[in-house]
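Asks: First, the structure itself, so that you have it in front of you.
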Amino acid sequence: MKLKNKLKIFGIALITLILCSLPVMAIEINELKKPEKTSDIKIVSGYQNGTTLYSFLQVSEDTDLSTMTVTLDDQSQTPAALTDSEAAGATIFLIDISGTMARYRDLTAAFVTGLVENQQSRMNYYVVTFGNEVHWDSENNTEDDGDLNAKIKTLQGALDNISYDEDWTDPYTCLSSVIENFRTAGQFPAEAGGVVQLVLITDGQPDYEDGHTEAGRAKEEKAVEDIQNSPEFILHTISYEPWLEEYVQPEGAGLNLDVSAETVADDAKTLADFTDGLIRVAFTDREFEGVGEVQLTVMQNDEEITTLSQTVKVLDGSTDGISRGPSLPVIVIVIVVIVLLVVIIAAFLLMNGKKKNPEPRKQKKRPDSIPMTLKVIAGHCVNQDMDLYLNKELIIGRSEGCDVVFTDSEVSLKNTRIFKKNGQICIEDMDSENGTYMAGMRMYYTNPLRSGTEISIGRVRFIFLF
């Protein structure tokens, strides 16, 4: 096929691809041109338990949940208020027990009891203390049995038994240890569908053995990374004094409150209202491919109001993965496909052209050259009948660098050599796969070649006249 015709085919194929993709591109461009919707809805937590994906969203107080739907892939769900959930959540108090916290004993008790009294969502409570190490005591845990007074009594007893006598304050080891403990233990602190919040209570004065060192900085960075990679936990930070600037203040999706004796009641209610104001969406029977992000589409009165991206962790003991939604815009995918197809078509045409039109090497006439004429009896040669000159040697094969080029697939790239030796014209096989035959006999050694003797290579037969 001539190059001109190949270029025509290439052009037609390219135009066809572009025309076929125009409707899809137009739809995508139209979507991109839509005004961006603003929303105060955001995801604060989420995790995968078994085959159910739970997402916890923060919405404004006046949101009408009855007209709202949240969609993940092809599954749409109506959210429910967390206060209507039967699943008990968990609030884990992480209390700094360094010596400087002793003066805030009563303030800590007031905040904890105030939060429990205001909390409307079902909740279990845990008290964990830390100085330079983390201290767990199961007797400080409460069960959600509906008895508010019993909860407060248990927590008050735990707080009264705290000795604020640690020399160091290491909130970073505490956060990393608590997160790691729940993961390695394989026991999630909340019931399936319940929210989990970590409430870090400190005076904002970190002071630990590795402080102000490279190891200490690495510890702080690890804690920050652990929080960012743990969407199943909501972190709240309660500080009684401004956080020291030379230390990183841990921050999560929750609240950062500066609490004082004057504000403690309001601050406790603020945190309770934050949790009670959350809504929960559950997507069941998920198909799984790996841990990562999902895209949630929020609709209000059948109109899309926002799209949210959520990173979800799979809890131990549940399926090892979450489903992923498409992340690349359609227009990008279309363009990539077109470019790939164009490259493939162009490469095919170029390679095909090389296979069918190899250029033989040209021999120049010299004073001692022997003129020869090639006559092809069977098979296809690039130059079917050609005149050439034997100088030092002639190479016959399928490669375009040969002097005589045949396109038969049974011909090796370099198959046969013709050369001058002691005043004679000789022929030999070049260790080809299918061999070289002269007058019907396969050659294993160098042989003299006479004018008009038939040579066979694969399915090709030819003679040289000289």
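Asks: Restricting attention to the range 205-215, does a residue exist that is open to solvent by 10 Å² or more (accessible area, probe 1.4 Å) and part of a helix (DSSP H, G or I)?
Replies: Yes - at least one qualifying residue is present in the range 205-215.
Asks: Now for a separate question. Go through the range 160-173 and give me each residue that's out of contact with any Phe, Trp or Tyr (no Cβ under 6 Å at 6 or more places or on another chain) and touching a residue at least 60 places away in the same chain (Cβ under 8 Å).
Replies: The answer is Ile162, Ser163, Tyr164, Asp165, Glu166, Asp167, Thr169, Pro171, Tyr172.
Asks: Out of Thr83, Thr63, report the one residue that is modelled with pLDDT of 60 or more, in a loop (DSSP other than H, G, I, E, B), out of contact with any Lys or Arg (no Cβ under 7 Å at 6 or more places or on another chain) and under 16 Å from Arg280 (Cβ atoms).
Replies: So the residue among Thr83, Thr63 that is modelled with pLDDT of 60 or more, in a loop (DSSP other than H, G, I, E, B), out of contact with any Lys or Arg (no Cβ under 7 Å at 6 or more places or on another chain) and under 16 Å from Arg280 (Cβ atoms) is Thr63.
Asks: Hey, which of the strands (runs of 3 or more DSSP E) in the range 364-420, taking only ones fully inside, have at least 1 residues that are open to solvent by less than 40 Å² (accessible area, probe 1.4 Å) and farther than 14 Å from Phe466 by Cα?
Replies: Here the list reads 370-378, 393-397.
Asks: Which residues, taken from the range 263-284, are surrounded by fewer than 16 Cβ atoms within 10 Å (Cβ to Cβ), in contact (Cβ under 8 Å) with a residue 24 or more places away in the chain and not in a helix (DSSP H, G or I)?
Replies: Correct list: Thr284 only.
Asks: Restricting to the range 216-239, and then to whatever is among the β-branched types (Val, Ile, Thr) and more than 18 Å from Ala272 (Cα to Cα), can you tell me which residue is least open to solvent (accessible area, probe 1.4 Å)?
Replies: Here the residue is Ile227.
Asks: Continuing with the same structure: State which residue pairs qualify: first residue of a type in the set (Ser, Thr, Tyr) and inside the range 234-262, second residue open to solvent by 40 Å² or more (accessible area, probe 1.4 Å) and part of a loop (DSSP other than H, G, I, E, B) in any location, beta carbons under 7 Å apart, and separation of 6 or more residues or different chains.
Replies: Thr237/Gln249; Thr237/Glu251
Asks: Out of the residues in the range 421-442 meeting the condition of being under 60 Å from the mean Cα position of the chain (by Cα) and surrounded by 14 or more Cβ atoms within 10 Å (Cβ to Cβ), tell me which one is farthest from Pro371 (Cα to Cα).
Replies: Asn434
Asks: Here is a follow-up. For the range 66-80, which positions are outside any strand (DSSP E or B) and open to solvent by less than 30 Å² (accessible area, probe 1.4 Å)?
Replies: Matches in the range 66-80: Pro79 only.
Asks: Could you list, in sequence order, all residues of the range 447-466 that are open to solvent by 60 Å² or more (accessible area, probe 1.4 Å), modelled with pLDDT of 90 or more and over 60 Å from the mean Cα position of the chain (by Cα)?
Replies: Arg450, Glu454, Leu465
The values are calculated or read from the model by the stated rules, or taken from the named source; none is laboratory data. Worth saying up front: this structure is predicted, and the values here are computed from it rather than measured. No Cβ is skipped: glycine too gets one built from the backbone with ideal geometry, and neighbour counts run over all protein chains shown. With ligands, DNA and RNA removed, areas are computed over all heavy atoms of the protein, side chains included. Shrake-Rupley method; radii C 1.70, N 1.55, O 1.52, S 1.80 Å.
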